[in-house]
Amino acid sequence: MSDPATMSAAVVGSDAASGALSGPRGPKPRRRFSRRNVFIYGTLIVVALYYLLPLYVMIVTSLKGMPEIRLGNIFAPPVEVTFQPWVKAWSEACTGLNCDGLSRGFWNSVRITVPSVLLSIAIASVNGYALANWRFKGADAFFTILIFGAFIPYQVMLYPIVILLREMGIYGTLGGLVMVHSIFGMPILTLLFRNYFTSLPEELFKAARVDGAGFWQIYLQIMLPMSLPIFVVAMILQVTGIWNDFLFGVVYTKPDLYPMTVQLNNIVNSVQGVKEYNVNMAATLLTGLVPLVIYFVSGKLFVRGIAAGAVKG
Amino acid sequence: MDPSISIKNLKLSFGAVEVLHDLNLDIGKGEFLVLLGSSGCGKSTLLNCIAGLLDVTDGQIHIGGQNVTWEEPSKRGIGMVFQSYALYPQMTVEGNLAFGLKNAKIPKPEIKERIARAAKTLQMEPLLKRKPAALSGGQRQRVAIGRALVRDVDVFLFDEPLSNLDAKLRADLRVEIKQLHQTLGNTMIYVTHDQIEAMTLADRIAIMRGGSILQLDTPKEIYNRPATKYVAEFIGSPTMNFLDGRIEGGAAPRFTSDVASFDLAGYEFTPQGPQAGDAWFGIRPEHIIVGPEAAHSPFQLEGQVELVEPLGSDTLARVTSGGQRLWVRMDGQADITPGQTLPLGLTPALANIFDKTTEARL
Ligand SMILES: Nc1ncnc2c1ncn2[C@@H]1O[C@H](COP(=O)(O)OP(=O)(O)OP(=O)(O)O)[C@@H](O)[C@H]1O
Ligand SMILES: [Mg+2]
């Protein structure tokens, strides 16, 4: 019986000895310039340039004076940096009707975006919660119809909605546009929230019901505090979507109430006088600033929320 | 004795699929009932029906003498503990315990008092201010039990409360739950697929399969007199051995297989009595006597050892005898090696015989 014992001792001994020997050990070294790396980084750099170059041109151009632009080298950095085009784009540029720049459009867009985002998220999150957790009668049919709505092209509904808004007496008002944005955001947002809420443990919902919490209490006290990431995702989707909207803005509002995108178009396409490229570039950058800021501020939460929603459902 | 819970002709379907079939069950006051069955047999579904978390398709549920079939979960006088703990992540332990009480509009001083009492019973006073994320699995499950405890209800429902915990913690909490039941005297329904939990905790065990209850009896009775072959196989580890053969009826029934033929004197038949036909002779590993003492058994076999599993307290061995495989359980100190031939003794009085076609006990 003593044989195995000595044998195992010998094995342990030789193990320890081999630890000091040469041979592969520790993390496997990686070659920095392998063909694979060159290919991956090469592709990434090309793609990045493809997207960054236009942005660069826009920024550079918006900081030049008109004489410098007429020299024609669009890639050259500005010799003399001037912020005049930005000021002009914001407060002096002329659209067809008036000459108070983009500022009017900016405030219109704010007044359209904020209520639309809040309203659509509030309604869609309750929809999603009800669909995910309460499974009321006809829930599946309701959901199917809603999702189907996401695939109908907007153009088909443009005119019927004009009639609808006119009958309701809110055609051409900000309220009408807010309603249109809220309704069109509903399918995708409801889907998003429903999937997120189904991914939360069902037993939590059951526990809350045993604890006597009702529909709104479970939503407000249990579900909401756990759902910050998905609310951020929804907010980003809606803010960028509604801010960048052109079609609904131009169709459902009057010139006084045009959102920033429509005004930008009017400035850039206005035919009077010389084309002021620097002002146009500045105006475009100003319009894109809001979605850009939203992305940078909440980018991390965005990715987390997308991932959380993607796990299940 | 009035039943604390009584389930009458309960049916539940998910769409076209019927998951619970015409189930009847009476649970006495203060009884500890364990629902045991393999995965997907409808244990959680039954528990959710009792809790009111699922609308039943047909039938009635009575709790504490009242028909609660249409009642809200919170109005049924139950507390429930879930497998995944289901603690509200953004609330502290105290908040978790208080949530249900606040919803029931119980005055603040009483909430405080009840939480203090539950915390003392479950020894979690130092945890009250923490969030669930800062607790270990065992502590979380204790909080979940506490949440049922503060509700001051007569019925506790547990859905596999220990299956997310490691073996040691499981054994500890199992003892605590048993202790809790003895102190409180509540009615408890406990779902598990761990037969050790079932055997140790239950006053009665309900063995479920495919949405029906196969047998409802004390752990001892289920272990010793399983009603069907399925129950016999489900309870006990390693499972019961089955010898393939046939019964010859008459005044002195005999069991005959290709290994042997023996007299069934001492075997307790069901009231229907022995019936001739193909049958399984089932005997538990620990009821096979091994070694020289086998000579005193009513019937003897010889078996060759194929495999040995020493467990410390016991030693299990797989032996073959005339082409049939048997597991036997021996003392932990037994010194046996594969290839060895062992004398085996069988006692028909300790066996269970099942009809081959109906699989019911004879
Ligand atoms: N929402 C549902 N829709 C359709 N079928 C369901 C639903 N929930 C459960 N089932 C089915 O009902 C049956 C019983 O499920 P149940 O959850 O009660 O099993 P269980 O005995 O608790 O199993 P486990 O031990 O795995 O928890 C399963 O076959 C399951 O597929
Ligand atoms: Mg289950």
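The values are calculated or read from the model by the stated rules, or taken from the named source; none is laboratory data. What you see is a predicted model, and the numbers here were worked out from it, not measured in a lab. Cβ placement follows ideal geometry from the backbone for every residue including glycine, while neighbour counts extend to all protein chains displayed. Areas reflect the complete protein model, heavy atoms only, side chains present, ligands, DNA and RNA absent. Shrake-Rupley method; radii C 1.70, N 1.55, O 1.52, S 1.80 Å.
Can you name the number of the only condition in (1) under 21 Å from the mean Cα position of the chain (by Cα); (2) within 14 Å of another protein chain (Cβ to nearest Cβ); (3) open to solvent by 30 Å² or more (accessible area, probe 1.4 Å) that B:T45 fails?
Here B:T45 clears every test but (3).
Does segment B:48-94 hold any residues that are open to solvent by less than 40 Å² (accessible area, probe 1.4 Å) and more than 10 Å from chain A (Cβ to nearest Cβ), and which are they?
B:C49, B:I50, B:V56, B:G59, B:I61, B:H62, B:I63, B:V68, B:T69, B:G77, B:V93, listed by residue number.
Please go through (1) more than 10 Å from chain B (Cβ to nearest Cβ); (2) out of contact with any helix residue (DSSP H, G or I) (no Cβ under 6 Å at 6 or more places or on another chain); (3) among the aliphatic types (A, V, I, L, M) for A:V239 and return the number of the only condition it doesn't satisfy.
Result: A:V239 fails condition (2) only.
Conditions tested, residue by residue: (1) over 26 Å from B:L127 (Cβ atoms); (2) within 16 Å of ligand 1 (Cβ to nearest atom); (3) among the polar types (S, T, N, Q).
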| site | (1), (2), (3) |
| --- | --- |
| B:D2 | yes, no, no |
| B:L46 | yes, yes, no |
| B:G52 | yes, yes, no |
| B:E71 | yes, no, no |
| B:G77 | yes, no, no |
| B:P89 | no, no, no |
| B:P109 | no, no, no |
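Does B:D203 satisfy the condition of being open to solvent by 60 Å² or more (accessible area, probe 1.4 Å), away from ligand 1 (no atom under 16 Å from the Cβ), more than 21 Å from B:R329 (Cβ to Cβ) and assigned by TED's automatic domain parsing to the domain that holds B:L165?
Spelling it out, B:D203 is indeed open to solvent by 60 Å² or more (accessible area, probe 1.4 Å), away from ligand 1 (no atom under 16 Å from the Cβ), more than 21 Å from B:R329 (Cβ to Cβ) and assigned by TED's automatic domain parsing to the domain that holds B:L165.
Here is a list of conditions, (1) in contact with a Gly (Cβ under 8 Å, 6 or more places away or on another chain); (2) touching a residue at least 24 places away in the same chain (Cβ under 8 Å); (3) part of a strand (DSSP E or B), and B:E306 meets all of them except one; can you say which number that is?
Result: B:E306 fails condition (1) only.
Considering only residues of segment B:126-164 that are assigned to a loop (DSSP other than H, G, I, E, B) and within 16 Å of ligand 2 (Cβ to nearest atom), which is most open to solvent (accessible area, probe 1.4 Å)?
B:N164
Does B:I196 count as away from ligand 2 (no atom under 16 Å from the Cβ), assigned by TED's automatic domain parsing to the domain that holds B:M91 and under 24 Å from the mean Cα position of the chain (by Cα)?
Criteria met by B:I196.
Got a sec? Which of B:L54, B:L46, B:L33 is more than 17 Å from A:V210 (Cα to Cα), in contact with a Leu (Cβ under 9 Å, 6 or more places away or on another chain) and not aromatic (F, W, Y)?
The match here is B:L33.
Starting from residues that are surrounded by fewer than 22 Cβ atoms within 10 Å (Cβ to Cβ) and within 12 Å of ligand 2 (Cβ to nearest atom), keep the ones in segment B:1-40 and report whichever is farthest from B:P226 (Cα to Cα).
B:V19
Please list, ordered by residue number, the strands (runs of 3 or more DSSP E) wholly in segment B:209-284 having 1 or more residues that are of a type outside the set (A, V, I, L, M, F, W, C) and farther than 21 Å from B:T357 by Cα.
Strands (runs of 3 or more DSSP E) meeting the threshold: B:212-217, B:261-263.
Could you grab me the full set of residues in segment B:298-310 that are open to solvent by less than 10 Å² (accessible area, probe 1.4 Å) and within 19 Å of B:F262 (Cβ to Cβ)?
Scanning segment B:298-310 gives a single hit, B:G303.
Output yes when any residue across segment B:54-72 is closer than 27 Å to B:D194 by Cβ and within 16 Å of ligand 2 (Cβ to nearest atom), and no when none is.
yes
Please list, ordered by first then second residue, the pairs with beta carbon atoms under 6 Å, 6 or more apart or interchain, first in segment B:170-196 and within 14 Å of another protein chain (Cβ to nearest Cβ) and part of a loop (DSSP other than H, G, I, E, B), second at pLDDT below 90 and more than 16 Å from ligand 1 (Cβ to nearest atom).
From residues that are within 14 Å of another protein chain (Cβ to nearest Cβ) and part of a loop (DSSP other than H, G, I, E, B), there are no pairs.
With the requirement that a residue be assigned to a loop (DSSP other than H, G, I, E, B) and of a type in the set (S, T, Y), what does segment B:333-362 give you?
B:T337, B:T347, B:T357, B:T358
Would you check which residues across segment B:95-105 are under 28 Å from A:K137 (Cβ atoms) and either more than 10 Å from every other protein chain (Cβ to nearest Cβ) or open to solvent by less than 10 Å² (accessible area, probe 1.4 Å) (or both) and list them?
Hit for segment B:95-105 is B:G100, nothing else.
Would you point out which residue out of A:A89, A:A132, A:A93, A:A139 is of a type outside the set (S, T, N, Q) and surrounded by fewer than 18 Cβ atoms within 10 Å (Cβ to Cβ)?
Going through A:A89, A:A132, A:A93, A:A139 in turn, just one is of a type outside the set (S, T, N, Q) and surrounded by fewer than 18 Cβ atoms within 10 Å (Cβ to Cβ): A:A139.
Kindly establish whether A:K206 is among the charged types (D, E, K, R), within 14 Å of chain B (Cβ to nearest Cβ) and in contact with a helix residue (DSSP H, G or I) (Cβ under 8 Å, 6 or more places away or on another chain).
Judged against the criteria, A:K206 is a match.
Just the residues that are of a type in the set (G, A, S) and farther than 15 Å from B:K75 by Cα, please, taken from segment B:125-161.
Once the filter is applied, which keeps residues that are of a type in the set (G, A, S) and farther than 15 Å from B:K75 by Cα, segment B:125-161 yields B:A133, B:A134, B:S136, B:G137, B:G138, B:A144, B:G146.
Listed residues B:D166, B:D154; which is in contact with a Gly (Cβ under 6 Å, 6 or more places away or on another chain) and acidic (D, E)?
Selected residue: B:D154, the only one of B:D166, B:D154 that is in contact with a Gly (Cβ under 6 Å, 6 or more places away or on another chain) and acidic (D, E).
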